[in-house]
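Trainee: Dropping the structure in here first, questions after.
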Amino acid sequence: MATHVEGLVDEVYLPPAELARGAHCSSMEQYEQLYKQSIDEPETFWGEIAKQFYWRQPPTGAFHEFNFDASKGRIFVEWMKGAQTNMSYNCLDRHVEAGHGDQVAFYWEGNEPADSARLTYAELLQRVKRFSNALRSLGVRRSDSVALYMPMVPELLVAMLACARIGAVHSIVFGGYSSDALADRILDGHCRLVITADGVWRGNKLIKLKHITDHAVELCAARGHPVERVVVVRHLPRLHHLVPSVGDQPGGSEPYNVKTGWNSGRDMWWDDALEGVSDECEPEWVDAEHPLFMLYTSGSTGKPKGVLHTTAGYMLYVATTFKYSFDFHPEDVYWCTADIGWITGHSYVTYGPMLNRATSVMFEGTPFYPTGDRMWEVIDKYAVSKFYTAPTAIRALMRLGDETVKRHSRQSLKVLGSVGEPINPEAWLWYHRVVGDARCAVVDTFWQTETGGHVITPLPGATPTKPGSACRPFFGVQPALLDEQGEEIHGPGEGYLVFRRPWPGIMRTVFGNHERFETTYFKKFNGFYCTGDGARRDEDGYIWVTGRIDDMLNVSGHLLSTAQIESALIEHPDVSETAVVAAPHSVKGECVYCFVTTRHGVAWTEQLQKQLILKVRERIAPFAAPDYLQYAPGLPKTRSGKIMRRVLRKIAQGDRDLGDLSTLADPGVIEPLFEHRCAGA
Ligand code: WT7
């Protein structure tokens, strides 16, 4: 680590006394009591919470039913079946009708510090109603899926809430994905309408969202799926630019012409879609288990999975986790730096905070633009009290030195959250000591796209924390550790992290492929939801998530599968075989290390390596690009032909302690791999 930090890793950090005094959960006794009730009487526990929300109809049958045992039939989860409600009504109308319409819902902070805006709950409601009508007039009906490929602008909030209002299912694709990746998701989700923007500046870089969308839509058409409508937010002209001209690159002179390739039968400006629509819009009352959204996450086969979340359970769960994990109070200003294109943004930029009527910051930019002071400037500008970011950002900011942080006040801060990957104790301690001046609670929240919300997390006013541990399960969550044989490990030990029963926010299926849902999450250990992560439980019952134990890698908190990257590399005609592994990285957590065998007679040139990087950027996204590409004359395989990734991971790290090699078919492949190892990894 670049910066030396004081503080003891094995020390326990008690909840700040002042925070504990007014907290929703202010002691471990209270936590144990609530936890016990959530497990013993889930209907009472969640039923009480459900009373805060508006239900058009109460549940008709059992409050909660599920099956996690494949031998008893189909795996399913249902909460509050038959109840009718609407997510947008609960996020907006409920607050406005109670007289809180003038409260700020979001302070929007643009990429340029000069660009900002504020949106009240009443304004948002009005915009959502109008855009809901626009969607309806474009033919979007209940249960239709709509793809959103958008920057972090207010229209993204409006579009997702409008989908929810009319019972449509949003499928948000992170604006950093390539046109190929966008096309895959549009196709798999059967989306006929795509909402995008002309473009967005991220730091100094212009991302031409409309052009990427055009290409994706062409790819869809070529694969027999017509996209009927593309609605485009006109974002670029309303921005202040420090960059001299709206060129491709900083200093570029060609203006970006979004109208190039404009298809007038298909493309429509957002503002034109709103022309003449009514201000009134009755929400579509949907069943508790009506789908709210799908969100794609990497799968170990390489094909992304459309994780499907439904309405009532997700609503109860994100609202409750938001309230307790950040100890939310009405006077808070909350800021989650995640992009809405990830699950963190869905649950903790949009739905969780809005269900709690929070005032939040929505940030379009990056932590380093215009300078590495930006995060702290924004915290002081809005007096942020609850802050939520990722370990990769913490580590990158830590490298800039303590002074960058200390020249800003940060007095408003109370709770500091972390999410996305295991946080190393050095980063945890720096976050606590430097960012939080040792007076804030640090909450390391473990969860997944699939879990909908936090499943293992400290509660800031109650849980004594240990740097690097996500601590204890949230209400309703029963974790277990299993060994390879599926035997449960009781007490201290390490194993596969699984969950014994569903909580309201768990995913319901993989869109269009329920069988994949069952095999991915429930097949390895029947009766349990399998996270794919390993974890250790210590003597105090604290859980330490150690990271993925499947073929996934976590780069800066973005989950990628090795198969996904391999299939992009193998498309290159000069490549005969490839294997991708995760290697440790001091800022990103993990990085992408690729072993590549070329076809006979093909030289390992710089040009080839550049082409391979480009392939991955095109097929997946720039953030998936290989950090290291190494030439592999041959790959270590078992006699049955299985690539020994465990060995490759060691080679990538330069670790000669390769363990048991008895199953290795050709021991001669190992030495040349060390010879060709990439320097610096
Ligand atoms: C994977 C899920 C949950 C929102 C962002 C990522 C890793 C996430 C933690 C944490 C250790 C963590 C796991 C998990 N992960 N948070 N606090 N400690 N690991 O969502 O893309 O679905 O990735 O991220 O490996 O399985 P995702």
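Trainee: What is the number of the single condition among (1) over 18 Å from Arg677 (Cβ atoms); (2) crowded, with 23+ Cβ neighbours inside 10 Å; (3) without any contact (Cβ under 8 Å) to a residue 60 or more places away in the chain that Ser561 does not meet?
Mentor: (3)
Trainee: Being free of Cβ contacts under 8 Å to residues at least 24 places away in the same chain and either surrounded by fewer than 21 Cβ atoms within 10 Å (Cβ to Cβ) or small (Gly, Ala, Ser) (or both): is that true of Glu484 here?
Mentor: Here the answer is yes, as Glu484 does meet what is asked.
Trainee: Is there any pair with a first residue in region 510-537 that is within 15 Å of Glu494 (Cβ to Cβ) and among the basic types (Lys, Arg) and a second that is within 12 Å of the ligand (Cβ to nearest atom) and outside any helix (DSSP H, G or I) whose Cβ atoms are under 8 Å apart and which are 6 or more apart or on different chains, and what are they?
Mentor: Arg536/Ile543; Arg536/Trp544; Arg536/Thr546; Arg537/Ile543; Arg537/Trp544
Trainee: For Ile394, all conditions in the list (1) in contact with a Gly (Cβ under 9 Å, 6 or more places away or on another chain); (2) within 16 Å of the ligand (Cβ to nearest atom); (3) more than 19 Å from Tyr149 (Cα to Cα); (4) of a type in the set (A, V, I, L, M) hold save one; what is the number of the exception?
Mentor: (1)
Trainee: I'd like the residue in region 271-312 that is touching a helix residue (DSSP H, G or I) at 6+ places or on another chain (Cβ under 6 Å), outside any strand (DSSP E or B) and of a type in the set (A, V, I, L, M, F, W, C) and, out of all such residues, is surrounded by the fewest Cβ atoms within 10 Å (Cβ to Cβ).
Mentor: The qualifying residue surrounded by the fewest Cβ atoms within 10 Å (Cβ to Cβ) is Leu274.
Trainee: State all residues of region 471-505 that are charged (D, E, K, R), farther than 12 Å from Ile543 by Cβ and part of a loop (DSSP other than H, G, I, E, B); if no residue qualifies, say none. Spell out how you get there, then give the answer.
Mentor: Within region 471-505, the subset charged (D, E, K, R) is 472, 483-484, 487-488, 494, 500-501.
Of the ones still in play, those that are also farther than 12 Å from Ile543 by Cβ are 483-484, 487-488, 500-501.
Listed by number, the residues that qualify are Asp483, Glu484, Glu487, Arg500, Arg501.
Every residue, every condition in (1) of a type outside the set (Ser, Thr, Tyr); (2) within 19 Å of the chain's Cα centre (by Cα), yes or no:
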residue: Pro422; (1), (2): yes, yes
residue: Val443; (1), (2): yes, yes
residue: Thr449; (1), (2): no, yes
residue: Ser469; (1), (2): no, no
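Trainee: Of all residues in region 94-114, which are assigned to a loop (DSSP other than H, G, I, E, B) and exposed (fewer than 15 other Cβ atoms within 10 Å of the Cβ)? If you could, list the steps in order and put the result at the bottom.
Mentor: At the first step, the residues of region 94-114 found to be assigned to a loop (DSSP other than H, G, I, E, B) are 101-103, 110-114.
Answer for region 94-114, where residues must be assigned to a loop (DSSP other than H, G, I, E, B) and exposed (fewer than 15 other Cβ atoms within 10 Å of the Cβ): Asp102, Ala114.
Trainee: Quick check, is Thr344 among the β-branched types (Val, Ile, Thr), within 16 Å of the ligand (Cβ to nearest atom) and farther than 30 Å from Asp180 by Cα? Write out each step before concluding.
Mentor: Values: among the β-branched types (Val, Ile, Thr): yes; within 16 Å of the ligand (Cβ to nearest atom): yes; farther than 30 Å from Asp180 by Cα: no.
No: the conditions fail for Thr344.
Trainee: Now, a different point. Of the residues that sit in region 462-480 and are of a type outside the set (S, T, N, Q) and away from the ligand (no atom under 15 Å from the Cβ), which one is farthest from Gly417 (Cα to Cα)?
Mentor: Initially, region 462-480 is screened for residues of a type outside the set (S, T, N, Q), giving 462, 464, 466-468, 470-477, 479-480.
Pick out the ones that are also away from the ligand (no atom under 15 Å from the Cβ) and you get 462, 464, 475-476, 480.
Details: Ala462: 15, Pro464: 15, Phe475: 18, Gly476: 21, Ala480: 24 Å.
Among residues in region 462-480 that are of a type outside the set (S, T, N, Q) and away from the ligand (no atom under 15 Å from the Cβ), the one farthest from Gly417 (Cα to Cα) is Ala480.
Trainee: I would also like to ask the following. Being in a loop (DSSP other than H, G, I, E, B) and closer than 15 Å to Thr597 by Cα: is that true of Arg677 here? Write out each step before concluding.
Mentor: Details: in a loop (DSSP other than H, G, I, E, B): yes; closer than 15 Å to Thr597 by Cα: yes.
Against the criterion (in a loop (DSSP other than H, G, I, E, B) and closer than 15 Å to Thr597 by Cα), Arg677 qualifies.
Trainee: All but one of (1) surrounded by fewer than 22 Cβ atoms within 10 Å (Cβ to Cβ); (2) modelled with pLDDT of 95 or more; (3) outside any strand (DSSP E or B) hold for Met268; state the number of the condition that does not hold.
Mentor: All conditions pass for Met268, except number (3).
Trainee: Would a scan of region 450-461 turn up a residue that is assigned to a loop (DSSP other than H, G, I, E, B), more than 12 Å from the ligand (Cβ to nearest atom), surrounded by fewer than 18 Cβ atoms within 10 Å (Cβ to Cβ) and not polar (S, T, N, Q)? Steps first, please.
Mentor: Within region 450-461, the first condition is being assigned to a loop (DSSP other than H, G, I, E, B), and the residues that meet it are 452-455, 457-461.
Of the ones still in play, those that are also more than 12 Å from the ligand (Cβ to nearest atom) are 459-461.
This time we only want the ones that are surrounded by fewer than 18 Cβ atoms within 10 Å (Cβ to Cβ), so: none.
Scanning region 450-461 turns up no residue that is assigned to a loop (DSSP other than H, G, I, E, B), more than 12 Å from the ligand (Cβ to nearest atom), surrounded by fewer than 18 Cβ atoms within 10 Å (Cβ to Cβ) and not polar (S, T, N, Q).
Trainee: Quick check on my filter: what residues within region 316-353 are among the hydrophobic types (A, V, I, L, M, F, W, C), closer than 19 Å to Asn111 by Cα and part of a helix (DSSP H, G or I)?
Mentor: Val349
Trainee: Conditions first: (1) within 20 Å of the chain's Cα centre (by Cα); (2) within 19 Å of Asp267 (Cβ to Cβ); (3) surrounded by 23 or more Cβ atoms within 10 Å (Cβ to Cβ). Leu161 passes all but one, so which condition is the exception?
Mentor: Answer for Leu161: the failing condition is (2).
Trainee: Against the condition modelled with pLDDT of 95 or more, of a type outside the set (Lys, Arg) and closer than 26 Å to Val361 by Cα, how does Phe53 come out, does it pass?
Mentor: yes
Trainee: Hey, could you check region 164-206 for residues that are farther than 27 Å from Met354 by Cβ and of a type in the set (A, V, I, L, M, F, W, C) and say which is surrounded by the most Cβ atoms within 10 Å (Cβ to Cβ)?
Mentor: Ala183
Trainee: Still on this structure, please answer the following. What single numbered condition from (1) within 16 Å of the ligand (Cβ to nearest atom); (2) closer than 30 Å to Glu218 by Cα fails to hold for Asp272?
Mentor: (1)
Trainee: I'd like the full set of residues that are closer than 19 Å to Thr301 by Cβ, part of a strand (DSSP E or B) and more than 9 Å from the ligand (Cβ to nearest atom), limited to region 530-554. I'd like the intermediate steps shown before the answer.
Mentor: In the first step, residues of region 530-554 are kept if they are closer than 19 Å to Thr301 by Cβ; the result is 530-533, 548-554.
Then keep just the ones that are part of a strand (DSSP E or B); that gives 530-533, 548, 552-554.
Passing the criteria: Cys530, Leu553.
Trainee: Here is a follow-up. Restricting attention to region 381-428, report how many residues are surrounded by 23 or more Cβ atoms within 10 Å (Cβ to Cβ) and of a type in the set (D, E, K, R).
Mentor: Total meeting the criteria: 2.
Trainee: Oh, and also: Looking at region 414-449, which of its residues are part of a loop (DSSP other than H, G, I, E, B), among the β-branched types (Val, Ile, Thr) and within 24 Å of Gly372 (Cβ to Cβ)?
Mentor: If the condition is that a residue be part of a loop (DSSP other than H, G, I, E, B), among the β-branched types (Val, Ile, Thr) and within 24 Å of Gly372 (Cβ to Cβ), then Val419, Ile423 are the ones that fit.
Trainee: Moving to a separate point now. Take the residues in region 428-447 that are under 16 Å from Cys471 (Cβ atoms), in contact with a helix residue (DSSP H, G or I) (Cβ under 9 Å, 6 or more places away or on another chain) and among the aromatic types (Phe, Trp, Tyr), then tell me which one is nearest to the ligand (Cβ to nearest atom).
Mentor: Here the residue is Trp447.
Trainee: Let me confirm something: among Val592, Val602, Val581, which residue is free of Cβ contacts under 8 Å to residues at least 60 places away in the same chain and within 16 Å of the ligand (Cβ to nearest atom)?
Mentor: Working: Val602 fails: within 16 Å of the ligand (Cβ to nearest atom); Val581 fails: free of Cβ contacts under 8 Å to residues at least 60 places away in the same chain.
The match here is Val592.
Trainee: Ok, one more. Can you name every residue in region 658-675 that is surrounded by fewer than 11 Cβ atoms within 10 Å (Cβ to Cβ) and closer than 14 Å to Arg645 by Cα?
Mentor: Once the filter is applied, which keeps residues that are surrounded by fewer than 11 Cβ atoms within 10 Å (Cβ to Cβ) and closer than 14 Å to Arg645 by Cα, region 658-675 yields Gly659, Asp660.
Trainee: OK, next. Within region 367-377, is even one residue in contact with a Leu (Cβ under 9 Å, 6 or more places away or on another chain), within 16 Å of the ligand (Cβ to nearest atom) and of a type outside the set (S, T, N, Q)?
Mentor: no
Trainee: Further, regarding this structure: Looking at (1) more than 15 Å from the ligand (Cβ to nearest atom); (2) in contact with a helix residue (DSSP H, G or I) (Cβ under 8 Å, 6 or more places away or on another chain), which is the one condition that is false for Gly505?
Mentor: Here Gly505 clears every test but (1).
Trainee: Now, a different point. I want to confirm something. Restricting to region 75-93 and keeping residues that are at pLDDT 95 or above and in a loop (DSSP other than H, G, I, E, B), which single residue is surrounded by the most Cβ atoms within 10 Å (Cβ to Cβ)?
Mentor: The first filter runs over region 75-93 and keeps only residues at pLDDT 95 or above, leaving 75-80, 83-93.
Still in the list and also in a loop (DSSP other than H, G, I, E, B): 75, 80, 83, 86.
On the way: Ile75: 23, Met80: 30, Ala83: 23, Asn86: 25.
Among residues in region 75-93 that are at pLDDT 95 or above and in a loop (DSSP other than H, G, I, E, B), the one surrounded by the most Cβ atoms within 10 Å (Cβ to Cβ) is Met80.
The values are calculated or read from the model by the stated rules, or taken from the named source; none is laboratory data. It should be emphasised that the depicted structure is a prediction, and the values quoted were computed from it without experimental measurement. Note that we place each Cβ from the backbone using ideal geometry, even for glycine, and neighbour counts take in every protein chain shown.
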